[in-house]
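Scroll down for the structure; my scribbles are underneath it.
The values are calculated or read from the model by the stated rules, or taken from the named source; none is laboratory data. Source: prediction; values computed, not measured. Don't worry about glycine lacking a Cβ; one is built from the backbone with ideal geometry, like all the others, and counts go over all protein chains shown. All accessible areas refer to the heavy atoms of the entire protein, side chains included, with ligands and DNA or RNA removed. Shrake-Rupley method; radii C 1.70, N 1.55, O 1.52, S 1.80 Å.
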Amino acid sequence: MTTDERYRRMDAARLRAQLTVQDLWLRYLALGGTGDAFDLDGYLQGLVPLDTIEQDVLAQALNEALRDLYQSHLIPLSTPAAVDGWDDDRLRGLMARLLDDQSPARHQASVVTAAGSGDDRADGSVPVRPVAAGPRRQARALGGGDQQRPPDRSWLASLPAFGAASTPRSAGDALGSLLRASHLMAPDQLASVAAEHARRFGAQELVIYLVDYGQSTLHPLPGHGAPARDLLNVDGSAAGRAFRRVEVIDTAAADGLRRMWLPLLDGVERLGVVEIVATEDAAGLDDAARAFVSLLAELVVANDLYSDVFARTRRRRPLSLSAEIQWQLLPPLTFASDHVVIAGLLEPAYEIGGDTFDYAVNGSTADLMVLDAVGHGLPAAVLASVAIGAYRHARREVGDLPAITAAVNTAVAGQFPDSAFATAVLARLDVDTGLLRWVNAGHPAPLIVRGGALIPTPGCRPHPPLGLQEGPVQVCSAQLHAGDRVLLYTDGIVEARSPAGEFFGERRLADFIIRADAAGDSAPETLRRLIRHVLDHQADHLQDDASIVVVEWRTGDEQQLEP
(Lines give C-alpha, C1' and ligand atoms only; values in the text may rest on other atoms or scores of the structure.)
Protein backbone atom coordinates (compact mmCIF):
# COMPACT_ATOMS: atom_id res chain seq x y z
CA MET A 1 0.00 0.00 0.00
CA THR A 2 1.42 3.40 -0.96
CA THR A 3 1.79 6.21 1.54
CA ASP A 4 -0.94 8.26 -0.17
CA GLU A 5 -3.33 5.32 -0.23
CA ARG A 6 -2.66 4.59 3.45
CA TYR A 7 -3.59 8.01 4.80
CA ARG A 8 -6.61 8.23 2.47
CA ARG A 9 -7.88 4.88 3.69
CA MET A 10 -7.33 5.94 7.29
CA ASP A 11 -9.34 9.12 6.81
CA ALA A 12 -12.09 7.17 5.06
CA ALA A 13 -12.13 4.73 8.00
CA ARG A 14 -12.38 7.66 10.42
CA LEU A 15 -15.44 8.99 8.59
CA ARG A 16 -16.99 5.52 8.44
CA ALA A 17 -16.46 5.13 12.18
CA GLN A 18 -18.13 8.52 12.73
CA LEU A 19 -15.13 9.91 14.62
CA THR A 20 -13.95 13.49 14.85
CA VAL A 21 -10.19 14.00 14.76
CA GLN A 22 -10.35 14.73 18.51
CA ASP A 23 -12.22 11.46 19.16
CA LEU A 24 -9.68 9.53 17.11
CA TRP A 25 -6.77 11.24 18.84
CA LEU A 26 -8.05 10.16 22.27
CA ARG A 27 -8.30 6.55 21.14
CA TYR A 28 -4.82 6.76 19.56
CA LEU A 29 -3.45 8.30 22.78
CA ALA A 30 -4.97 5.50 24.86
CA LEU A 31 -3.06 2.95 22.77
CA GLY A 32 0.27 4.67 23.35
CA GLY A 33 0.42 7.15 20.48
CA THR A 34 2.68 10.15 21.11
CA GLY A 35 1.54 12.66 18.48
CA ASP A 36 -0.89 15.48 19.17
CA ALA A 37 -4.24 16.12 17.52
CA PHE A 38 -2.65 18.53 15.04
CA ASP A 39 -0.21 15.80 13.90
CA LEU A 40 -3.10 13.42 13.24
CA ASP A 41 -5.19 16.03 11.43
CA GLY A 42 -2.24 16.99 9.23
CA TYR A 43 -1.43 13.36 8.43
CA LEU A 44 -5.02 12.49 7.53
CA GLN A 45 -5.01 15.42 5.09
CA GLY A 46 -1.68 14.35 3.61
CA LEU A 47 0.06 17.50 4.84
CA VAL A 48 2.54 16.13 7.38
CA PRO A 49 4.33 12.78 7.72
CA LEU A 50 3.83 10.36 10.61
CA ASP A 51 6.35 7.77 11.79
CA THR A 52 5.57 4.22 10.71
CA ILE A 53 4.98 3.00 14.25
CA GLU A 54 2.67 5.96 14.92
CA GLN A 55 0.78 5.07 11.72
CA ASP A 56 0.33 1.54 13.05
CA VAL A 57 -0.99 2.80 16.38
CA LEU A 58 -3.39 5.06 14.49
CA ALA A 59 -4.49 2.15 12.30
CA GLN A 60 -5.15 0.04 15.41
CA ALA A 61 -7.22 2.85 16.94
CA LEU A 62 -9.31 3.02 13.74
CA ASN A 63 -9.71 -0.74 13.60
CA GLU A 64 -10.97 -0.78 17.20
CA ALA A 65 -13.40 2.03 16.42
CA LEU A 66 -14.76 0.17 13.39
CA ARG A 67 -15.08 -2.99 15.44
CA ASP A 68 -16.95 -1.10 18.16
CA LEU A 69 -19.27 0.46 15.59
CA TYR A 70 -20.24 -2.77 13.88
CA GLN A 71 -20.25 -4.80 17.08
CA SER A 72 -23.02 -2.56 18.40
CA HIS A 73 -25.25 -3.90 15.59
CA LEU A 74 -24.72 -7.55 16.54
CA ILE A 75 -27.56 -9.42 18.24
CA PRO A 76 -26.43 -10.72 21.66
CA LEU A 77 -26.75 -14.45 22.24
CA SER A 78 -29.24 -15.59 24.84
CA THR A 79 -29.12 -18.53 27.26
CA PRO A 80 -31.84 -20.97 26.12
CA ALA A 81 -33.01 -23.73 28.40
CA ALA A 82 -31.44 -26.25 26.03
CA VAL A 83 -27.92 -25.21 27.07
CA ASP A 84 -28.45 -24.26 30.71
CA GLY A 85 -25.51 -25.37 32.79
CA TRP A 86 -23.01 -25.33 29.93
CA ASP A 87 -20.01 -23.09 30.36
CA ASP A 88 -18.93 -20.49 27.81
CA ASP A 89 -15.80 -22.36 26.69
CA ARG A 90 -17.78 -25.48 25.71
CA LEU A 91 -20.33 -23.42 23.78
CA ARG A 92 -17.60 -21.43 22.02
CA GLY A 93 -15.88 -24.71 21.18
CA LEU A 94 -19.11 -25.96 19.65
CA MET A 95 -19.43 -22.79 17.56
CA ALA A 96 -15.83 -23.18 16.36
CA ARG A 97 -16.54 -26.70 15.19
CA LEU A 98 -19.71 -25.58 13.44
CA LEU A 99 -17.72 -22.91 11.59
CA ASP A 100 -14.89 -25.25 10.62
CA ASP A 101 -14.79 -25.36 6.81
CA GLN A 102 -12.57 -28.44 6.42
CA SER A 103 -15.61 -30.29 5.11
CA PRO A 104 -18.66 -28.74 3.41
CA ALA A 105 -20.88 -30.98 5.50
CA ARG A 106 -19.61 -29.19 8.60
CA HIS A 107 -21.11 -25.93 7.33
CA GLN A 108 -24.61 -27.28 7.19
CA ALA A 109 -27.15 -26.10 9.77
CA SER A 110 -27.20 -28.22 12.91
CA VAL A 111 -29.56 -29.12 15.69
CA VAL A 112 -28.12 -29.41 19.19
CA THR A 113 -29.64 -31.91 21.56
CA ALA A 114 -30.69 -30.62 24.95
CA ALA A 115 -27.99 -30.69 27.60
CA GLY A 116 -28.61 -33.41 30.15
CA SER A 117 -30.88 -35.41 27.79
CA GLY A 118 -28.59 -38.43 27.74
CA ASP A 119 -26.96 -37.66 24.38
CA ASP A 120 -23.85 -35.97 25.83
CA ARG A 121 -20.55 -37.54 24.87
CA ALA A 122 -18.03 -38.65 27.45
CA ASP A 123 -15.65 -35.85 26.54
CA GLY A 124 -18.30 -33.23 27.20
CA SER A 125 -18.91 -32.35 23.55
CA VAL A 126 -22.36 -32.16 22.02
CA PRO A 127 -23.35 -34.45 19.13
CA VAL A 128 -24.36 -32.59 15.98
CA ARG A 129 -27.04 -33.82 13.60
CA PRO A 130 -26.52 -32.42 10.08
CA VAL A 131 -29.54 -31.34 8.07
CA ALA A 132 -29.78 -29.95 4.58
CA ALA A 133 -28.75 -26.35 4.20
CA GLY A 134 -30.20 -23.91 1.67
CA PRO A 135 -28.04 -22.33 -1.05
CA ARG A 136 -27.66 -19.01 0.76
CA ARG A 137 -26.47 -20.70 3.96
CA GLN A 138 -24.03 -22.91 2.06
CA ALA A 139 -22.58 -19.92 0.18
CA ARG A 140 -22.16 -18.00 3.41
CA ALA A 141 -20.39 -20.97 5.01
CA LEU A 142 -17.96 -21.14 2.12
CA GLY A 143 -17.14 -17.43 2.24
CA GLY A 144 -19.61 -16.46 -0.51
CA GLY A 145 -17.87 -18.32 -3.39
CA ASP A 146 -16.41 -21.58 -4.62
CA GLN A 147 -13.00 -21.05 -2.99
CA GLN A 148 -12.63 -22.42 0.54
CA ARG A 149 -10.51 -20.36 2.93
CA PRO A 150 -9.53 -20.64 6.61
CA PRO A 151 -12.20 -19.03 8.77
CA ASP A 152 -11.46 -15.97 10.90
CA ARG A 153 -12.44 -17.04 14.40
CA SER A 154 -10.71 -14.27 16.33
CA TRP A 155 -14.08 -12.75 17.19
CA LEU A 156 -15.06 -15.84 19.19
CA ALA A 157 -12.69 -14.90 22.01
CA SER A 158 -14.38 -11.54 22.41
CA LEU A 159 -17.96 -12.79 22.56
CA PRO A 160 -19.83 -11.67 25.69
CA ALA A 161 -20.78 -14.34 28.19
CA PHE A 162 -23.88 -16.18 27.05
CA GLY A 163 -26.84 -14.45 28.55
CA ALA A 164 -24.75 -11.44 29.63
CA ALA A 165 -25.81 -7.95 28.61
CA SER A 166 -22.34 -6.39 28.58
CA THR A 167 -20.05 -5.87 25.58
CA PRO A 168 -16.30 -6.67 25.46
CA ARG A 169 -14.06 -4.73 27.80
CA SER A 170 -12.23 -2.11 25.76
CA ALA A 171 -10.41 1.08 26.69
CA GLY A 172 -11.15 2.52 23.27
CA ASP A 173 -14.84 1.62 23.50
CA ALA A 174 -15.19 3.22 26.95
CA LEU A 175 -13.25 6.32 25.94
CA GLY A 176 -15.19 6.80 22.74
CA SER A 177 -18.58 6.28 24.36
CA LEU A 178 -17.79 8.65 27.25
CA LEU A 179 -16.46 11.31 24.90
CA ARG A 180 -19.57 11.12 22.73
CA ALA A 181 -21.81 11.33 25.80
CA SER A 182 -19.85 14.32 27.17
CA HIS A 183 -20.91 16.71 24.40
CA LEU A 184 -24.46 17.04 25.72
CA MET A 185 -23.76 16.07 29.32
CA ALA A 186 -24.65 18.45 32.14
CA PRO A 187 -21.70 18.90 34.53
CA ASP A 188 -23.61 17.47 37.48
CA GLN A 189 -24.08 14.22 35.53
CA LEU A 190 -20.36 13.46 35.23
CA ALA A 191 -20.21 11.13 38.26
CA SER A 192 -23.08 8.95 37.08
CA VAL A 193 -22.21 9.06 33.36
CA ALA A 194 -18.59 8.10 34.11
CA ALA A 195 -19.69 5.15 36.26
CA GLU A 196 -22.04 3.96 33.51
CA HIS A 197 -19.45 4.06 30.72
CA ALA A 198 -16.71 2.54 32.90
CA ARG A 199 -18.67 -0.71 32.83
CA ARG A 200 -17.56 -1.10 29.22
CA PHE A 201 -14.05 -2.02 30.42
CA GLY A 202 -15.18 -4.14 33.36
CA ALA A 203 -15.60 -1.66 36.22
CA GLN A 204 -18.51 -2.44 38.51
CA GLU A 205 -18.25 0.84 40.43
CA LEU A 206 -16.46 4.13 39.79
CA VAL A 207 -16.30 7.12 42.14
CA ILE A 208 -14.55 10.44 41.48
CA TYR A 209 -12.98 12.23 44.47
CA LEU A 210 -11.77 15.84 44.33
CA VAL A 211 -9.18 17.18 46.75
CA ASP A 212 -10.25 20.14 48.86
CA TYR A 213 -8.60 23.57 48.57
CA GLY A 214 -6.38 22.86 51.56
CA GLN A 215 -5.31 19.47 50.12
CA SER A 216 -6.17 17.62 53.31
CA THR A 217 -9.37 15.73 52.36
CA LEU A 218 -10.79 13.96 49.30
CA HIS A 219 -14.46 14.62 48.56
CA PRO A 220 -16.66 12.26 46.48
CA LEU A 221 -18.31 13.92 43.48
CA PRO A 222 -22.07 13.53 43.90
CA GLY A 223 -24.37 12.35 41.14
CA HIS A 224 -27.65 10.54 40.62
CA GLY A 225 -26.96 6.81 40.79
CA ALA A 226 -23.30 7.27 41.77
CA PRO A 227 -22.19 5.01 44.67
CA ALA A 228 -22.42 6.72 48.07
CA ARG A 229 -19.07 7.42 49.72
CA ASP A 230 -17.68 9.41 52.67
CA LEU A 231 -14.87 11.93 52.39
CA LEU A 232 -11.37 10.53 52.94
CA ASN A 233 -8.22 11.98 54.48
CA VAL A 234 -5.24 12.62 52.21
CA ASP A 235 -2.98 11.48 55.04
CA GLY A 236 -3.62 7.98 56.33
CA SER A 237 -5.74 6.38 53.62
CA ALA A 238 -5.12 4.26 50.52
CA ALA A 239 -6.85 6.91 48.42
CA GLY A 240 -4.62 9.54 50.00
CA ARG A 241 -1.52 7.55 49.19
CA ALA A 242 -2.54 7.37 45.53
CA PHE A 243 -2.87 11.17 45.63
CA ARG A 244 0.34 11.83 47.56
CA ARG A 245 2.59 9.43 45.68
CA VAL A 246 0.87 9.75 42.26
CA GLU A 247 0.66 5.99 41.90
CA VAL A 248 -2.05 3.36 41.44
CA ILE A 249 -2.94 1.65 44.71
CA ASP A 250 -4.63 -1.77 44.78
CA THR A 251 -6.67 -2.93 47.76
CA ALA A 252 -9.05 -5.82 48.31
CA ALA A 253 -12.79 -5.27 48.25
CA ALA A 254 -15.68 -7.45 49.40
CA ASP A 255 -16.69 -10.66 47.59
CA GLY A 256 -13.29 -11.15 46.00
CA LEU A 257 -13.45 -7.89 44.08
CA ARG A 258 -10.51 -5.60 43.42
CA ARG A 259 -10.47 -1.92 44.41
CA MET A 260 -8.10 0.42 42.57
CA TRP A 261 -7.24 3.99 43.52
CA LEU A 262 -5.90 6.05 40.62
CA PRO A 263 -4.60 9.65 40.77
CA LEU A 264 -6.78 12.11 38.86
CA LEU A 265 -4.34 14.35 36.95
CA ASP A 266 -4.79 17.34 34.67
CA GLY A 267 -1.41 17.10 32.98
CA VAL A 268 0.54 16.67 36.22
CA GLU A 269 -1.71 18.74 38.50
CA ARG A 270 -3.34 16.56 41.15
CA LEU A 271 -7.10 17.06 41.11
CA GLY A 272 -8.02 14.09 43.29
CA VAL A 273 -8.37 10.33 42.85
CA VAL A 274 -10.73 7.86 41.22
CA GLU A 275 -11.91 4.67 42.89
CA ILE A 276 -12.65 1.71 40.61
CA VAL A 277 -14.10 -1.60 41.83
CA ALA A 278 -13.85 -4.54 39.44
CA THR A 279 -13.44 -8.30 39.34
CA GLU A 280 -9.93 -9.68 39.77
CA ASP A 281 -9.91 -11.21 36.29
CA ALA A 282 -11.09 -8.13 34.37
CA ALA A 283 -8.90 -8.38 31.26
CA GLY A 284 -6.84 -5.28 30.44
CA LEU A 285 -8.31 -3.42 33.40
CA ASP A 286 -5.20 -1.47 34.39
CA ASP A 287 -4.53 0.13 31.02
CA ALA A 288 -8.21 0.76 30.37
CA ALA A 289 -8.65 2.38 33.79
CA ARG A 290 -5.63 4.68 33.36
CA ALA A 291 -6.82 5.91 29.98
CA PHE A 292 -10.39 6.37 31.22
CA VAL A 293 -9.28 8.35 34.28
CA SER A 294 -7.11 10.60 32.09
CA LEU A 295 -10.19 11.53 30.09
CA LEU A 296 -12.17 12.09 33.31
CA ALA A 297 -9.59 14.65 34.44
CA GLU A 298 -9.98 16.57 31.18
CA LEU A 299 -13.76 16.52 31.57
CA VAL A 300 -13.54 17.79 35.16
CA VAL A 301 -11.37 20.74 34.09
CA ALA A 302 -13.48 21.55 31.01
CA ASN A 303 -16.82 21.37 32.85
CA ASP A 304 -15.45 23.37 35.79
CA LEU A 305 -15.34 26.42 33.48
CA TYR A 306 -19.13 26.67 33.38
CA SER A 307 -20.35 24.92 36.51
CA ASP A 308 -20.09 25.34 40.29
CA VAL A 309 -20.49 21.59 40.96
CA PHE A 310 -16.77 20.91 41.26
CA ALA A 311 -15.91 24.06 43.24
CA ARG A 312 -18.66 23.23 45.74
CA THR A 313 -17.47 19.65 46.06
CA ARG A 314 -13.92 20.81 46.88
CA ARG A 315 -14.97 23.02 49.81
CA ARG A 316 -14.36 21.60 53.22
CA ARG A 317 -15.71 24.88 54.60
CA PRO A 318 -16.80 28.20 53.04
CA LEU A 319 -14.24 30.30 51.17
CA SER A 320 -13.86 33.97 52.02
CA LEU A 321 -14.62 36.42 49.19
CA SER A 322 -10.93 37.30 48.90
CA ALA A 323 -10.00 33.60 48.64
CA GLU A 324 -12.68 33.10 45.97
CA ILE A 325 -11.04 35.83 43.90
CA GLN A 326 -7.53 34.51 44.41
CA TRP A 327 -8.30 30.89 43.51
CA GLN A 328 -9.93 32.02 40.27
CA LEU A 329 -6.73 33.89 39.34
CA LEU A 330 -4.31 31.03 39.93
CA PRO A 331 -2.74 28.97 37.14
CA PRO A 332 -2.60 25.16 37.59
CA LEU A 333 -0.74 24.37 40.82
CA THR A 334 1.74 22.13 38.97
CA PHE A 335 3.36 22.11 35.55
CA ALA A 336 6.08 19.82 34.21
CA SER A 337 8.05 19.16 31.06
CA ASP A 338 11.18 17.10 30.50
CA HIS A 339 13.33 20.08 31.59
CA VAL A 340 11.41 21.96 34.27
CA VAL A 341 8.84 21.43 37.02
CA ILE A 342 6.88 24.33 38.54
CA ALA A 343 4.68 23.89 41.61
CA GLY A 344 2.98 26.42 43.87
CA LEU A 345 0.66 26.59 46.88
CA LEU A 346 -1.16 29.15 49.04
CA GLU A 347 -2.16 29.21 52.70
CA PRO A 348 -4.57 29.82 54.39
CA ALA A 349 -6.41 28.19 51.53
CA TYR A 350 -9.87 29.27 52.65
CA GLU A 351 -9.03 32.85 53.73
CA ILE A 352 -6.09 33.85 51.51
CA GLY A 353 -5.98 37.59 50.86
CA GLY A 354 -3.05 39.32 49.17
CA ASP A 355 -0.60 36.49 48.41
CA THR A 356 -0.63 35.00 44.94
CA PHE A 357 1.58 33.69 42.14
CA ASP A 358 1.50 33.24 38.39
CA TYR A 359 3.60 31.58 35.70
CA ALA A 360 3.61 30.82 31.99
CA VAL A 361 5.81 28.59 29.83
CA ASN A 362 6.32 29.71 26.23
CA GLY A 363 8.82 27.74 24.21
CA SER A 364 12.13 27.79 26.06
CA THR A 365 11.05 30.58 28.43
CA ALA A 366 9.35 30.17 31.80
CA ASP A 367 8.04 33.40 33.37
CA LEU A 368 7.13 33.49 37.06
CA MET A 369 5.89 35.99 39.61
CA VAL A 370 5.29 35.64 43.34
CA LEU A 371 3.46 38.60 44.88
CA ASP A 372 2.39 39.84 48.31
CA ALA A 373 -0.14 42.69 48.25
CA VAL A 374 -0.19 45.00 51.25
CA GLY A 375 -3.03 44.52 53.73
CA HIS A 376 -5.43 41.66 54.27
CA GLY A 377 -8.72 40.32 53.02
CA LEU A 378 -10.67 41.83 50.14
CA PRO A 379 -8.63 45.06 49.61
CA ALA A 380 -5.43 43.01 49.30
CA ALA A 381 -7.11 40.54 46.91
CA VAL A 382 -8.32 43.37 44.67
CA LEU A 383 -4.83 44.87 44.54
CA ALA A 384 -3.34 41.46 43.76
CA SER A 385 -5.85 40.86 40.96
CA VAL A 386 -4.89 44.17 39.29
CA ALA A 387 -1.20 43.27 39.58
CA ILE A 388 -1.75 39.79 38.09
CA GLY A 389 -3.81 41.20 35.23
CA ALA A 390 -1.15 43.80 34.44
CA TYR A 391 1.58 41.16 34.65
CA ARG A 392 -0.16 38.84 32.22
CA HIS A 393 -0.95 41.68 29.81
CA ALA A 394 2.64 42.92 29.73
CA ARG A 395 4.05 39.39 29.52
CA ARG A 396 1.82 38.56 26.57
CA GLU A 397 3.02 41.69 24.83
CA VAL A 398 6.42 39.97 24.85
CA GLY A 399 8.09 42.53 27.06
CA ASP A 400 11.39 41.99 28.85
CA LEU A 401 11.58 41.90 32.65
CA PRO A 402 12.17 45.66 33.17
CA ALA A 403 9.25 46.50 30.84
CA ILE A 404 6.94 44.01 32.56
CA THR A 405 7.92 45.36 35.98
CA ALA A 406 7.27 48.93 34.86
CA ALA A 407 3.83 47.98 33.48
CA VAL A 408 2.74 46.33 36.73
CA ASN A 409 4.11 49.24 38.77
CA THR A 410 2.15 51.73 36.64
CA ALA A 411 -1.09 49.75 36.95
CA VAL A 412 -0.86 49.45 40.74
CA ALA A 413 0.10 53.11 41.21
CA GLY A 414 -2.68 54.26 38.88
CA GLN A 415 -5.47 52.25 40.51
CA PHE A 416 -4.37 52.59 44.16
CA PRO A 417 -3.03 56.13 44.64
CA ASP A 418 -3.03 56.03 48.46
CA SER A 419 0.43 54.45 48.76
CA ALA A 420 -0.92 50.92 48.32
CA PHE A 421 1.75 48.56 47.03
CA ALA A 422 2.76 44.95 46.50
CA THR A 423 6.14 43.30 46.95
CA ALA A 424 7.09 40.76 44.32
CA VAL A 425 9.78 38.79 42.52
CA LEU A 426 9.36 38.67 38.75
CA ALA A 427 11.57 35.97 37.25
CA ARG A 428 12.40 34.50 33.85
CA LEU A 429 14.10 31.14 33.30
CA ASP A 430 15.69 29.99 30.07
CA VAL A 431 14.56 26.38 30.21
CA ASP A 432 17.25 25.22 27.77
CA THR A 433 20.30 26.87 29.37
CA GLY A 434 19.23 27.27 33.01
CA LEU A 435 19.90 31.03 33.08
CA LEU A 436 17.65 32.54 35.75
CA ARG A 437 16.99 36.30 35.72
CA TRP A 438 14.76 38.24 38.09
CA VAL A 439 13.69 41.64 39.40
CA ASN A 440 13.23 42.06 43.15
CA ALA A 441 10.52 44.57 44.09
CA GLY A 442 10.97 44.79 47.88
CA HIS A 443 10.53 41.02 48.30
CA PRO A 444 12.47 38.13 49.91
CA ALA A 445 15.21 37.07 47.49
CA PRO A 446 14.99 33.69 45.70
CA LEU A 447 16.72 30.72 47.34
CA ILE A 448 18.64 28.10 45.35
CA VAL A 449 19.04 24.57 46.73
CA ARG A 450 21.83 22.58 45.09
CA GLY A 451 23.16 19.17 46.03
CA GLY A 452 21.66 19.19 49.51
CA ALA A 453 22.89 22.71 50.36
CA LEU A 454 21.53 26.26 50.27
CA ILE A 455 23.42 28.33 47.66
CA PRO A 456 23.58 32.10 48.19
CA THR A 457 22.27 34.10 45.24
CA PRO A 458 24.40 36.91 43.77
CA GLY A 459 24.19 40.23 45.60
CA CYS A 460 21.41 42.23 44.03
CA ARG A 461 19.74 45.16 45.68
CA PRO A 462 15.95 45.07 45.95
CA HIS A 463 13.91 47.87 44.38
CA PRO A 464 10.87 49.58 45.92
CA PRO A 465 7.61 47.59 45.83
CA LEU A 466 5.29 47.68 42.84
CA GLY A 467 3.24 50.86 42.95
CA LEU A 468 6.07 52.88 44.54
CA GLN A 469 8.85 52.62 41.91
CA GLU A 470 10.01 55.78 40.16
CA GLY A 471 12.91 54.65 37.97
CA PRO A 472 14.38 51.76 36.00
CA VAL A 473 15.11 48.47 37.71
CA GLN A 474 18.18 46.24 37.82
CA VAL A 475 17.91 42.67 36.58
CA CYS A 476 19.64 40.02 38.71
CA SER A 477 20.85 36.70 37.29
CA ALA A 478 22.18 33.30 38.32
CA GLN A 479 23.24 30.26 36.30
CA LEU A 480 21.43 27.14 37.48
CA HIS A 481 23.04 23.71 37.54
CA ALA A 482 21.22 20.53 36.56
CA GLY A 483 19.24 19.37 39.60
CA ASP A 484 18.85 22.83 41.15
CA ARG A 485 15.66 23.87 42.92
CA VAL A 486 14.67 27.55 43.11
CA LEU A 487 12.32 28.75 45.86
CA LEU A 488 10.20 31.88 45.41
CA TYR A 489 8.09 32.68 48.47
CA THR A 490 6.40 35.37 50.53
CA ASP A 491 7.42 36.47 54.00
CA GLY A 492 4.54 34.51 55.52
CA ILE A 493 6.70 31.39 55.09
CA VAL A 494 10.01 32.45 56.64
CA GLU A 495 8.48 34.86 59.19
CA ALA A 496 6.05 32.30 60.55
CA ARG A 497 6.62 32.46 64.31
CA SER A 498 6.24 29.70 66.87
CA PRO A 499 4.46 30.30 70.22
CA ALA A 500 7.96 30.76 71.67
CA GLY A 501 8.69 33.52 69.14
CA GLU A 502 11.07 31.54 66.89
CA PHE A 503 10.93 32.34 63.16
CA PHE A 504 10.57 29.50 60.67
CA GLY A 505 13.45 31.04 58.71
CA GLU A 506 15.26 30.40 55.45
CA ARG A 507 17.47 27.65 56.86
CA ARG A 508 14.52 25.59 58.10
CA LEU A 509 12.80 26.12 54.74
CA ALA A 510 15.84 24.91 52.78
CA ASP A 511 16.37 21.95 55.12
CA PHE A 512 12.79 20.84 54.65
CA ILE A 513 13.13 20.94 50.85
CA ILE A 514 16.38 18.95 51.02
CA ARG A 515 14.86 16.27 53.29
CA ALA A 516 11.76 15.99 51.11
CA ASP A 517 13.94 15.50 48.05
CA ALA A 518 15.91 12.76 49.84
CA ALA A 519 12.62 11.08 50.79
CA GLY A 520 11.57 11.00 47.13
CA ASP A 521 8.67 13.47 47.43
CA SER A 522 7.54 15.21 44.27
CA ALA A 523 7.51 19.02 44.10
CA PRO A 524 3.74 19.41 44.71
CA GLU A 525 3.79 16.90 47.57
CA THR A 526 6.80 18.66 49.08
CA LEU A 527 4.86 21.95 49.14
CA ARG A 528 1.74 20.31 50.57
CA ARG A 529 3.81 18.89 53.44
CA LEU A 530 5.75 22.14 53.83
CA ILE A 531 2.56 24.11 54.42
CA ARG A 532 1.52 21.56 57.07
CA HIS A 533 4.97 21.97 58.64
CA VAL A 534 4.69 25.77 58.69
CA LEU A 535 1.25 25.49 60.29
CA ASP A 536 2.60 23.13 62.93
CA HIS A 537 5.42 25.58 63.66
CA GLN A 538 2.81 28.26 64.41
CA ALA A 539 0.55 25.95 66.41
CA ASP A 540 -1.88 25.71 63.47
CA HIS A 541 -2.48 29.46 63.28
CA LEU A 542 -0.88 31.59 60.54
CA GLN A 543 -0.18 35.21 61.42
CA ASP A 544 0.15 36.13 57.72
CA ASP A 545 -0.65 34.76 54.28
CA ALA A 546 1.98 32.37 52.97
CA SER A 547 2.67 31.34 49.40
CA ILE A 548 5.54 29.52 47.74
CA VAL A 549 6.63 28.39 44.29
CA VAL A 550 9.36 25.82 43.65
CA VAL A 551 11.08 25.51 40.28
CA GLU A 552 13.06 22.34 39.57
CA TRP A 553 15.45 22.44 36.63
CA ARG A 554 16.69 19.23 35.02
CA THR A 555 16.36 17.15 38.20
CA GLY A 556 15.31 13.99 36.38
CA ASP A 557 12.40 13.60 38.81
CA GLU A 558 9.66 14.55 36.36
CA GLN A 559 8.46 10.93 36.18
CA GLN A 560 7.37 11.17 39.84
CA LEU A 561 4.46 13.26 38.62
CA GLU A 562 3.08 10.49 36.39
CA PRO A 563 1.24 7.39 37.66
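Data table
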| quantity | calculated |
| --- | --- |
| Residue among L542, V449, A500 farthest towards the positive dipole end of region 440-562, charges placed on Cβ | V449 |
| Difference of contour (0.36 nm per residue) and Cα-Cα distance, T20 to A360 | 119.4 nm |
| Region 400-521 shape via C-alpha gyration tensor axes, a/c threshold 1.5 | oblate |
| Ordering of 234-246, 338-350 by packing [mean C-beta count within 10 Å, highest first] | 338-350, 234-246 |
| Most to least packed among 294-306, 250-262 [average Cβ atoms within 10 Å] | 294-306, 250-262 |
| List H533, H393, H224, ordered by accessible area with a 1.4 Å probe, largest first | H224, H393, H533 |
| Cβ crowding within 10 Å averaged over residues, with 54-61, 484-491 ranked highest first | 484-491, 54-61 |
| Hull-based mean projected area of region 450-563, where the convex hull spans the alpha carbons, in square nanometres | 9.1 |
| Added length on full extension, which subtracts the Cα-Cα distance from 0.36 nm per residue, Q415 to S337 | 24.4 nm |
| Surface accessible to a 1.4 Å probe, L50 within the full protein complex, Å² | 20 |
